[in-house]
Number of protein chains: 2
Amino acid sequence: GRPLPPGWKSYTSPEGLRYYVNCSSKETTWRHPSSSAEAPQRPLARQSSSPYGKTGPLYSQPSIFGHKLVFRTQSLAHSFVSSSILVIITLCSFSFLLQINCVTFPLPGEGPEQQLLKPDEWSYCDYFWTDKKDPQGTTSLPGFEVLLQKQLKGKQMQKEMSEFIHERIKIEEEYAKNLSKLSLSPLAAQEEGTLGEAWTQLKKSLHDEAEVHLKFSNKLHSEVEKPLLTFRGDNFKKDLKKYDHHIADLRKQLASRYASVEKARKALADRQKDLEVKTQQLEIKLSNKTEEDIKKARRKSTQAGDDLMRCVDLYNQTQSKWFEEMVTTSMELEKLEVERIEWIQQHLRQYTTLRHETDMFNQSTVEPVDQLLQNVDPAKDRELWVKENNTGEVRPVDMDI
Amino acid sequence: GRPLPPGWKSYTSPEGLRYYVNCSSKETTWRHPSSSAEAPQRPLARQSSSPYGKTGPLYSQPSIFGHKLVFRTQSLAHSFVSSSILVIITLCSFSFLLQINCVTFPLPGEGPEQQLLKPDEWSYCDYFWTDKKDPQGTTSLPGFEVLLQKQLKGKQMQKEMSEFIHERIKIEEEYAKNLSKLSLSPLAAQEEGTLGEAWTQLKKSLHDEAEVHLKFSNKLHSEVEKPLLTFRGDNFKKDLKKYDHHIADLRKQLASRYASVEKARKALADRQKDLEVKTQQLEIKLSNKTEEDIKKARRKSTQAGDDLMRCVDLYNQTQSKWFEEMVTTSMELEKLEVERIEWIQQHLRQYTTLRHETDMFNQSTVEPVDQLLQNVDPAKDRELWVKENNTGEVRPVDMDI
């Protein structure tokens, strides 16, 4: 027939039909690629991994995962039909998938762009898919761990702020104590007449000042220090641990299922080799029995293919579960971080408000603080932090056979 | 001759002229008192003590004392002319003068009302003439000492006020120190993003607050504490001592001159007795020589009278010097007290002004102080104090013979 363009190979399906595969673009077609007039079809191999990008924005409601799983089982059914095609495709299509710690990613620059799950926000759910290598590149940390550490650090900051406020409270109490003590001093108590009255009032005014500072420190305690200290008890750390374990377990499962995929893949390869040998024997007509052997070998090869399919599908199910968990959990952490920032912002505002009421300082000293508290913006903070700490925005895709 | 009205006596002057004295009203006249139609003359005895009341208001310019002394010497000259009249008058006129610690005062209710030297003010110069008895009435304190003690107490009050301010300064410095120390605390320094910026500014604002309080304490030191402390050095107490000694010396002199008056008075009495005896001897014509003896006795009696006059006049001169000194000095102390009160008022105002600038307290706490400082009034203070502490407003008068 006609010559194939570079990068194309032709195969015959078990049913004896001829089809074409482009090993670089992963394009697959029943028609001869030289007829370049028509647009190439979506590669078959992409079909099972495509839904993520599309349904991404819906992840904010975890309920949606139900549908996705339905969709996956359909694609599973479909793959059973054209099983032996896929079996053969994998021989070259496997090369465009990247495995990092048992997670399957598309090769950089391969395939269509992955759309962000939350395109308009710097959402945690988009940027922590791969692991974080430390500067030496020796040990690595799952992206999810980076998010957890952010949470723990936030809890620590909140605690330290309440400690800072506590120090301020102690200073105010001390100041008030000294002022009211001095206001009781007998010094010049014997001054007489109108001057004596003024002097007595002046001493008394120290007591009033002391009261102002005492009120300030009391309110600081009840309205700033305590809320900052008690916001999210130790249950918070327990909750984080739960997330952590759940995600970790899924990663373990993923690893074991990845192993079984590898095993099944090897078995299939053996079966196919055996089938080819038997086929050659048939062509040089060695014996009558071989007809039977080929049927048997093809059957076994098909079984091995189906077995591999099942393993891959189990793997993909686990990966999608892990994926779903990563998305929901990271968005949960994102919500928690926003809450924390807004809680702190609210109570630091209370701090400046109390200082305004107490009115015991130049307004100018606190105005810049108010300004900056006005400008506090959790989304912006997230953006800054994610830009600096994100581990990878390329999401995992289903493994193909 | 005609009968005299009750309380009247008739005498013959050494020159042989007859005159009349009313022992209760101290009225003296050359005419027979029964001719009641005409108004009685001012008692001779009053003439020499009258000028004080009249010239009183002029004492604010001490220079005036010059004139007064001239006036006194005139009255002295006059009393020499009618010497032997006065000599005899004293025998009954002496009873309307009161002696307190060698100072001569008019008997309460006797003679015309004494006009105040400064009728419109509660001036020190009007209210500290007599001595102050302590509750037990055992020991007594010269009125002038009461004024001196007021000054010393004032100096002490001023010192104690500056100590009070010093304590306040220490409190402010301590407060500022603690605030700026806390502003450098590393607590929550790792908070990130816009929240981190706001937090950093909040910590910095403590340093600004500290600066405000430090500035306050520095100004308190230079603009309030120091002026209150250094106002009137120790020279002030030396000056007071000088006044004290001067007045005390005059009191001593007054005492000695009072003694010599008493002595001269006794001598005169003896001489007059002797003259009467000689006169009776003459009437029953005992001898020829007695004519001579009477002349001699009358001469001696007249000398004794002149001698007493001189002693009385010396006494009165000292008393008037003491009087002048009392008036000038007490008005000097009055001036000093006014200065002190205004100085303190001014610097306590500076204190409240600084607190307003520092603006680190409810305005309401210092407003009443400002109010009362507005109302500080040295004259009112003097009035209150004088009303409570005055020792006597009846001024001394000249002693009469």
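The values are calculated or read from the model by the stated rules, or taken from the named source; none is laboratory data. On a predicted model such as this, the values are computed, not experimentally measured, just so you know. Reconstructed Cβ throughout: ideal geometry from the backbone, glycine too, with neighbour counts over all protein chains shown. Only protein heavy atoms, including side chains, enter the accessible area calculation; ligands, DNA and RNA are left aside. Shrake-Rupley method; radii C 1.70, N 1.55, O 1.52, S 1.80 Å.
Things to note:
- Flagged links, alpha-carbon separation over 31 Å, of B:132/B:300; B:9/B:133; B:155/B:181; A:219/B:177; A:226/A:321; A:380/B:204: B:132/B:300; B:9/B:133; B:155/B:181; A:226/A:321
- R0 of 51 Å, Cβ-Cβ distance residue B:174-residue B:136: FRET efficiency to nearest 0.05: 0.55
- Put a dot 7 Å past the Cα of residue B:218, heading toward its Cβ, do the same for residue B:32, and the two dots end up 9.7 nm apart.
- For segment B:158-243, the relative contact order comes to 47 percent (Cα pairs under 8 Å, sequence separation of at least 6).
- Loss of accessible area when B meets A, both sides summed, Å² nearest 100, probe 1.4 Å: 5700
- Rounded to the nearest whole Hz, the Karplus-based 3J(HN,Hα) values (6.51 cos²θ - 1.76 cosθ + 1.60, θ = phi - 60°) of segment B:182-198 follow the sequence 5, 5, 8, 4, x, 4, 6, 5, 8, 4, 10, x, 5, 4, x, 4, 4, with x at glycine and proline.
- For segment A:180-322, the average shadow cast by the Cα convex hull is 15.3 nm², which is a quarter of the hull's surface.
- With both labels modelled 7 Å from their Cα along Cα-to-Cβ, the residue A:303 to residue B:159 distance reads 11.6 nm.
- Span from the segment B:268-338 Cα centroid across to the segment A:194-218 one, whole angstrom: 68
- Inter-site label distance for residue B:282 and residue A:321 at 7 Å from Cα along Cβ, in nm: 15.8
- Spatially proximal lysines relative to residue A:296 (Cα-Cα < 23 Å; intrachain offsets below 8 disregarded): A:263, A:266, A:273, A:278, A:285
- Local net charge near residue A:352, Cβ-Cβ under 11 Å (Lys/Arg +1, Asp/Glu -1): -1
- Surface composition of segment B:232-318: carbon and sulfur atoms hold 53% of the protein heavy-atom accessible area at a 1.4 Å probe.
- Placing a label point 7 Å from Cα along the Cα-to-Cβ axis, residue A:177 is separated from the same position in the other copies by 1.5 nm, shortest listed first.
- Long-range HN-HN contacts of residue A:132 with modeled amide H, under 5 Å: A:141, A:143
- For segment B:260-272, 3J(HN,Hα) computed residue by residue from phi via the Karplus equation (6.51, -1.76, 1.60; θ = phi - 60°) reads 5, 4, 3, 4, 4, 4, 5, 4, 4, 4, 4, 4, 5 Hz, glycine and proline entered as x.
- Accessible surface of segment A:145-226, 1.4 Å probe, proportion on carbon and sulfur as whole %: 55
- Efficiency of FRET between residue A:252 and residue A:388 - r from beta-carbon atoms, R0 45 angstrom, step 0.05: 0.90
- Binning all Cα-Cα separations of segment B:273-351 at 5 Å, short to long from zero, yields these whole-percent fractions: 3, 12, 10, 9, 7, 7, 6, 6, 6, 5, 5, 4, 4, 4, 3, 3, 2, 1, 1.
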